[in-house]
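Reading through the structure tokens given below for one structure.
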Amino acid sequence: MKVFASWSSGKDSCLACYEAISQGHEVAYLLNMIVEDTQFTMGHGISADLVRTQAQAIGIPLVQQRCRWNDYEQQFKNAITGMMREGVEGGVFGDIYLADLRDWVQRVCGDLGIEPLVPLWGRDPRQVVEDFIRAGFEAVVIACKPHIMGEEWLGRKVDRGFVEDLARLGGVDAAGENGEYHTLVIDGPLFQQRIKVTEAQKVLKQDRWFLNIVDYESVEGGTGG
């Protein structure tokens, strides 16, 4: 089936996309939502240009749709409608266990008459992270909640040591499903090139630590070639 993948640039959307492809689906587009009148993505708050560079490194066309919080759903649907004209019949989402998010996905897809695919749904959150690592993906932490995780977590690679350290914190979802942290995927089996971060700054804004990535490049070394 020809599908799009809802794309945050982080590990869960990436793993869901990868598993959909492994199941035989054709991921024709990545859909990424951008805050109206800014150059930053919804949710993760990273540079829209960085996500474009990431998509180019992967080799899947990227659709970036601008929106405000009060018209997010309508703009999301508008973007999907455009892709449906190109034969898209379903959407891939990286949700794991939050029922309200799954209900939203099912409703929106139902309204448009396309099939929702949620390949990570119901999986143990730690298993999701371990599956991501085992598949050969590489990601770094680009945002976290300061009352849960300090600035020292920014820039950390998502590996087995990260998983163990996170478990020792206690009270933190292993996959960050409740927004405890967000990630940027920089390499893995979907990538033709890897993303190299060459300069970044740690910034505290709106009660969250962000890794402001100000310089980066695509380099040889992607593992999907």
Highest average packing first - 66-75, 11-20, Cβ atoms within 10 Å:
11-20, 66-75
Please quote Rg/Rh for region 2-219 to two decimal places, taking the Kirkwood radius as Rh and restricting both calculations to Cα atoms.
0.94
Can you list residues from other chains, or at least 5 along the same chain, whose modelled amide H is less than 5 Å from the amide H of A174?
R126
For region 155-166, what does the Karplus curve 6.51 cos²θ - 1.76 cosθ + 1.60, with θ = phi - 60°, yield as ³J(HN,Hα) per residue in whole Hz, taken in order and with x for Gly and Pro?
x, 5, 6, 7, 9, 5, x, 4, 4, 5, 5, 5
Under 19 Å Cα to Cα from K77, which lysines show up? Leave out anything in the same chain fewer than 8 places away.
K2
State the Cα centre-to-centre distance between region 93-122 and region 1-79 in whole Å.
15 Å
Need the list of lysines near K202 for cross-linking: C-alpha distance under 24 angstrom, and skip anything on the same chain fewer than eight residues off.
K11, K145, K157
Lys/Arg Cβ at +1, Asp/Glu Cβ at -1, dipole of the chain taken about the Cα centre: which of M1, G188, L117 is farthest positive-ward?
G188
Give the shape of region 91-184 as rounded, prolate or oblate, defined through the alpha-carbon gyration tensor: a ≥ b ≥ c are the square roots of its eigenvalues, a/c under 1.5 means rounded, and otherwise the shape is prolate if a/b is larger than b/c and oblate if not.
prolate
For a quick protection proxy, order the peptides 46-57, 210-221 by their average other-Cβ count within 10 Å, most packed first.
46-57, 210-221
Sequence-distant residues sharing a close amide H with L30 (under 5 Å, placed H):
A5, L62, V63
Sequence-distant or interchain residues sharing an amide H contact under 5 Å with A200, placed H: which?
V214
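Read-outs throughout are calculated quantities, based only on the coordinates presented, and are distinct from any laboratory measurement. Bear in mind that the values here come from a model prediction, so they are computed numbers and not experimental data. Using ideal geometry, Cβ is built from the backbone for each residue, glycine included, and neighbour counts are taken over all protein chains shown.
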